[in-house]
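Any read-out appearing in this document is the output of simple, stated calculations on the displayed coordinates, not a laboratory observation. Computed from a prediction, not measured in an experiment: that's the story for all the values here. Cβ placement follows ideal geometry from the backbone for every residue including glycine, while neighbour counts extend to all protein chains displayed.
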Amino acid sequence: MTSAARRQLLLMFTALPLVAFPACRGAQAAEPLPAPALRRRGDAGDTPAIARALATGQPVHLPGGGGSGPGGVYLVDMLNLPEGATISGDGDTTVVRSTGRRVPNVFRVDGSRVTTRGITLRDMVIEGHVLNGGFVEHHNLVNLSGVSDCLIENVTFRGFAGDGLYLGAEREGIERVPRQNARITVRGCVFDGINNDNRNGISVIGGSDIVVDRCRFVRCTRPDMPGPVDFEADGFAFYVFERISVTNCVFEGCGGNVGQVSLITPEQVRRLPRGVTISGNRFSRYRGSGSDVAIIVHRRPTPSTPSMEVVIENNMGSDGRAGVRLYSGKGIIVRNNHWQRYLGQSFIGYTGHTDGCLDVRISDHFEECGTVDGTALGIYNAGSVTISASRFTRCGNGKPGTSCILLAPGRSDGITLANNDFRDNLTAVAPIRRNPEHVLLRRPDIRSNNLARSGSILAP
């Protein structure tokens, strides 16, 4: 070919449009790696194969029915999850089972790092041994300590002997360090305790930006444990609860002695919780001695105490012990909830030396509440409480002393009642009654727009 011909051919190629070719496989997002492909002869259960898969740094897939146990169940114990671990299954057909009663956890992060980031578990069933081995308090199916940016989605936790999911901050239950959990989402999960012989569905020891959404809790919690969702710090100053939410969840047939959703901080914790939302949940057939929602911060607030910014709204509850119990706290809004057929009373403040509430607003519907206790709502130690646009329907039990609202033993200051409807009730005299041991620092401000069968709102 002559030099002139070569120049002509080069001009032809340079004139062609550029074409984008697909990137090579190494540049694409890693494909999920099936864990059974890494199983070796002599492996005890499926823990070694899943660990090998995680060590590649790729997302790990557990195909339905692909485990080494009976019926294709995956037999897993004490599997430490590295940073960035992603494990997914095929929904209900992927069953991961604890290997025995002596095994505390199925999946875990032991907190050896300051914070372990990016854990994802989704689309599987994780089973414990409560039916065969009974209650073991600290045998949690998934035990994560000091984690952030985590997603637990569409996972069924079944038959846990301790907690279904535990979010702690300690290292291997021994070393306490100022470490927090952050940005954790638990979504679309089921927590089935099977026989109410366990601790909690979810326990959170501390953290921020924690979301529990669209989950279902059934048959959780024995009588001497807190309840299905327990935000409860241990007695160390560094713990925080900030921007936490429980939304759009269902609670059925659960038990416990504090609350189905409880927030508890000991006196040693330096900062009060802040930014708490409990909204859109459905509670039914509670078997415990607590309430659907409980707030306990173990200190009486003062005017200088910052607001906790707690909102409890748009929940529906029925056939339980009590709707909402505010033992202590400041800056709590309770609105647009419907509590129906409760044996006991909801209350504001309580009788302990650290119990008391400030700046509480309630606008709820109480229907057939206090059928045993004789009152729907108790006010014990509280200040700056506004009850407005609330409706009390067939509350109390018709016995002497029954009431819609009881000013119970304690002290109150600054109670306002406005635009409430007390007309359809079993109260004999007036809808509000004061116990002789209740001290009114100021007489309640009872507005004229309250509705009652008789002219008197507060019994003399």
Sorted largest first, extent of region 358-403 alpha carbons per principal axis (Å)
31, 21, 12
For the chain, what log10 I(q)/I(0) values come out of the Debye formula at q = 0.07 1/Å, with one point per alpha carbon and no solvent?
-0.43
Suppose the chain between residue 305 and residue 419 were pulled fully straight at 0.36 nm per residue; how much longer would it get relative to their current alpha carbon spacing?
38.1 nm
Per its Cα gyration tensor (rounded if a/c is under 1.5, else prolate when a/b beats b/c, else oblate), region 363-460 is best filed as oblate
What does the extension gain come out to for residue 214 and residue 354, with contour length at 0.36 nm per residue minus their alpha carbon separation?
47.0 nm
PRE reach from residue 459 (point 7 Å along Cα→Cβ): which of region 349-389 fall under 13 Å by backbone N?
374-376
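Output the relative contact order of region 366-431, whole-number percent, from Cα pairs under 8 angstrom with separation of 6+ residues.
40 percent
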Residues in region 27-71 reached by a label modelled at residue 93 [backbone nitrogen below 13 Å; 7 Å Cα→Cβ]
62-67
Measuring from the lowest to the highest alpha carbon on each principal axis, how far does region 156-310 reach, largest first, in angstroms?
42, 36, 27
List the trypsin sites (Lys or Arg not before Pro) within region 71-103 that fall in a DSSP loop (any state other than H, G, I, E or B) and whose Cβ has at most 13 other Cβ atoms within 10 Å.
102
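Stretch residue 234-residue 277 to full length: gain in nm at 0.36 nm per residue minus the Cα-Cα span?
Here the segment from residue 234 to residue 277 would lengthen by 13.4 nm.
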Let me check against my output: what whole-number percent is the relative contact order of the chain, with C-alpha pairs under 8 Å and at least 6 apart?
6 percent
Per residue of region 65-80, what does 6.51 cos²θ - 1.76 cosθ + 1.60 with θ = phi - 60° give for ³J(HN,Hα)? Whole Hz please, x for Gly and Pro, Karplus curve as stated.
x, x, x, 8, x, x, x, x, 6, 8, 9, 9, 9, 6, 8, 6
How much FRET efficiency would the formula 1/(1 + (r/R0)^6) give for residue 338 and residue 40, where r is the Cβ-Cβ distance and R0 is 60 Å, rounded to 0.05?
0.60
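With r as the distance between the Cβ atoms of residue 451 and residue 83 and R0 = 45 Å, compute the FRET efficiency 1/(1 + (r/R0)^6) and round to 0.05. Let's see the in-between values first.
Numbers: r = 60 Å, r/R0 = 1.33.
E(calc), rounded to 0.05, equals 0.15.
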Starting from the Cα coordinates of region 52-143, work out the convex hull volume and express it per residue in Å³.
99 Å³
Summing +1 for each Lys or Arg and -1 for each Asp or Glu, what net charge is found among the other residues whose Cβ lies under 15 Å from the Cβ of residue 77?
0
